[in-house]
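A.B. asks: Supplied in structure tokens, the structure appears directly below.
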Amino acid sequence: MKTAVYPGSFDPVTLGHLDVLSRAAALFDRVFVCVMMNAGKNPMFTAQQRFEMLCAATNGLENVTAELWTGLLADYARSRDARWLVKGVRSATDFDDEFSMAQINRALDGELDTVLIPSRAGLMHISSTMAREMIKYSQPLELCMPQAAIQLMKGWNSDGKS
Ligand code: PNS
């Protein structure tokens, strides 16, 4: 069975993430999409909230499992018997970053390869950074986030949880 891991901060999950994920799900038998910690980022949402949004957004994708992991990506991939990492790339800058990360992860586990999926033309401008700005300025989130994640977030706002 060909198993892949699609890791990310998902702060929050976007339509771009979902597009990359559904294309990865068509390439692999099984995909674990996982909220992880990026030491260089100070997230807007807690890891648990990011995980819940990811679960809501990916509900219904048959061969996809959403998880939350606070450790090393290479350890997580090994624990799931995954030999491939999936990353989305929107630009040459993304490519440079992901190319370096691919080398690091391969150095940590020689069995681990990285598959880069170029973002769809109509979704290239969408990022979690953009989604956070839209949230901050109360702009329509349908332009950048999956509906299920938006609904979940609205519930938190009315509960005062977020
Ligand atoms: O969406 P992001 O922020 O670009 O995702 C980056 C992420 C979370 C995949 C990366 O920071 C990561 O792999 N974090 C887990 C810890 C790890 O394995 N770091 C790389 C080797 S030191």
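A.B. asks: Determine which single condition Glu142 fails, assuming it passes every other condition in (1) under 12 Å from Leu15 (Cα atoms); (2) in a loop (DSSP other than H, G, I, E, B); (3) acidic (Asp, Glu).
C.D. replies: Going through (1) under 12 Å from Leu15 (Cα atoms); (2) in a loop (DSSP other than H, G, I, E, B); (3) acidic (Asp, Glu) one by one, Glu142 breaks only (2).
A.B. asks: State whether one or more residues within segment 67-86 are of a type in the set (Val, Ile, Thr), surrounded by 13 or more Cβ atoms within 10 Å (Cβ to Cβ) and without any contact (Cβ under 8 Å) to a residue 60 or more places away in the chain.
C.D. replies: No, the conditions are met nowhere in segment 67-86.
A.B. asks: Pull out all pairs, ordered by first then second residue, where Cβ-Cβ is under 8 Å, the residues are six or more apart or on different chains, the first lies in segment 16-44 and is under 17 Å from Leu73 (Cα atoms), and the second is within 11 Å of the ligand (Cβ to nearest atom) and among the basic types (Lys, Arg).
C.D. replies: Listed by first residue and then by second, the contacts come to Val35/Arg50.
A.B. asks: Out of all the residues in segment 86-99, is one or more away from the ligand (no atom under 14 Å from the Cβ) and either in contact with a helix residue (DSSP H, G or I) (Cβ under 9 Å, 6 or more places away or on another chain) or at negative phi (or both)?
C.D. replies: yes
A.B. asks: Where residues in segment 41-60 are surrounded by 15 or more Cβ atoms within 10 Å (Cβ to Cβ) and assigned to a loop (DSSP other than H, G, I, E, B), which of them is nearest to the ligand (Cβ to nearest atom)?
C.D. replies: By that ranking, first place goes to Pro43.
A.B. asks: May I pose another question? Counting only residues that are touching a Ser or Thr at 6+ places or on another chain (Cβ under 6 Å) and assigned to a loop (DSSP other than H, G, I, E, B), which one in segment 15-40 is farthest from the ligand (Cβ to nearest atom)?
C.D. replies: Among them, the one singled out is Met37.
Table: residues versus (1) open to solvent by 80 Å² or more (accessible area, probe 1.4 Å); (2) part of a strand (DSSP E or B); (3) over 16 Å from Ala24 (Cβ atoms); (4) small (Gly, Ala, Ser).
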{"site": "Gly88", "(1), (2), (3), (4)": "no, yes, no, yes"}
{"site": "Ser100", "(1), (2), (3), (4)": "no, no, yes, yes"}
{"site": "Ile104", "(1), (2), (3), (4)": "yes, no, yes, no"}
{"site": "Ala107", "(1), (2), (3), (4)": "yes, no, yes, yes"}
{"site": "Val115", "(1), (2), (3), (4)": "no, yes, no, no"}
{"site": "Ile126", "(1), (2), (3), (4)": "no, no, yes, no"}
{"site": "Met134", "(1), (2), (3), (4)": "no, no, yes, no"}
{"site": "Leu152", "(1), (2), (3), (4)": "no, no, yes, no"}
{"site": "Gly155", "(1), (2), (3), (4)": "no, no, yes, yes"}
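A.B. asks: What are the residues in segment 87-111 that are touching a Lys or Arg at 6+ places or on another chain (Cβ under 6 Å) and either more than 19 Å from Ser9 (Cα to Cα) or touching a residue at least 40 places away in the same chain (Cβ under 8 Å) (or both), if any?
C.D. replies: Glu111 - this is the single residue of segment 87-111 that is touching a Lys or Arg at 6+ places or on another chain (Cβ under 6 Å) and either more than 19 Å from Ser9 (Cα to Cα) or touching a residue at least 40 places away in the same chain (Cβ under 8 Å) (or both).
The values are calculated or read from the model by the stated rules, or taken from the named source; none is laboratory data. Computed from a predicted structure; not experimentally measured. Quick reminder, even Gly has a Cβ in these numbers, built from the backbone with ideal geometry, and neighbours come from all protein chains shown. Accessible surface areas use protein heavy atoms only, side chains included; no ligands, DNA or RNA. Shrake-Rupley method; radii C 1.70, N 1.55, O 1.52, S 1.80 Å.
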